[in-house]
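Could you have a look at this structure, given as structure tokens, before my questions?
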Amino acid sequence: DYWQRDIKMSEANFARALRDGFRKKARELGHKTAWTRLECSLAGVPDVVCSVNGAHHFIELKCVASFPKREATPIRLPHFTSDQRWWLKQHGESGRNCWVFLKVQKEYFLFHWSNIDDLGNWNKEELSKNCRFYAKGRMDYEGFIKELSHG
């Protein structure tokens, strides 16, 4: 299946590149930040906790190798579990900044916790309409940090 190819390796590479780019751009912009990859066996706990100027953000990272051939086909996220959705929504509703950050090929989509119910059932156009941040080609770290800061 198109969405399962090399998911673990791609997600690990994605996580490292995102961390490194985030840290570098945040330093350039003068933000105080922290970034920690969470390695936890508890069901649903997000991949990353990061802080920007004292505000903490929990981010679930998802990586899909490629878009489906047909535009109308949903981009499935088989590894986005009900436990992960529950965790993000529970903590989001309690006032936490919770996100899902999706990379498909060289396109990046950031979703706020309040809009993840149908994530995994949207096609490419719907992903774009429902995300809070989008970048194509080179990752826009400044835009990403700005959205987190104002999210």
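The values are calculated or read from the model by the stated rules, or taken from the named source; none is laboratory data. Being a predicted model, the structure only gives us computed values, none of them experimental. Note that we place each Cβ from the backbone using ideal geometry, even for glycine, and neighbour counts take in every protein chain shown. Calculation scope for accessible area: heavy atoms of the full protein, side chains included, ligands and nucleic acids excluded. Shrake-Rupley method; radii C 1.70, N 1.55, O 1.52, S 1.80 Å.
With n ≥ 4 as the cut-off for DSSP H runs, can you work out [θ] at 222 nm for the chain, using -39500 (n - 2.57) per run divided by the number of residues, rounded to the nearest 500?
Per the formula, -11000 deg cm²/dmol.
Which value, in Å², gives the accessible area per residue of the chain when a 1.4 Å probe is used on the protein heavy atoms?
In whole numbers, the chain has 55 Å² accessible per residue.
Label points 7 Å out from Cα along the Cβ direction at residue 31 and residue 150: separation in nm?
For the pair residue 31/residue 150, the computed spacing is 1.3 nm.
Which value in Å is the Kirkwood Rh of region 42-107 over different Cα pairs?
Here the Kirkwood hydrodynamic radius works out to 13.2 Å.
Could you order the peptides 67-77, 91-101 from most to least packed, using the average number of other C-beta atoms within 10 Å per residue?
91-101, 67-77
Kirkwood Rh over alpha-carbon pairs of region 85-138, then Stokes-Einstein at 20 °C and 1.002 mPa s: what D in µm² s⁻¹, rounded to an integer? Intermediate values should be presented prior to the final figure.
Working: Rh = 11.5 Å.
Rounded to a whole number, D works out at 186 µm²/s.
Also, I was wondering about something else. Along the three principal axes, how long is region 45-151 when you take its alpha carbons, biggest first, rounded to the nearest angstrom?
Over region 45-151, Cα extents along the principal axes are 42, 30, 20 Å.
Computed over the Cα atoms of region 4-97, what is the ratio Rg over Rh, Rh following Kirkwood?
With Rh from the inverse mean 1/r over Cα pairs, Rg/Rh is 1.01.
Taking Cα centroids, how far is region 111-141 from region 53-83 in Å?
8
On alpha carbon coordinates alone, what is the Rg over Rh value for region 31-76, Rh being the Kirkwood radius?
Answer for region 31-76: 1.17.
When the chain is treated as a GNM, springs tying every alpha-carbon pair under 10 Å, which of 50, 131, 40 comes out with the largest mean-square fluctuation?
Comparing 50, 131, 40 in the GNM, the peak value goes to 40.
Which percent of the accessible heavy-atom area of region 11-108 goes to carbon and sulfur, probe 1.4 angstrom?
48
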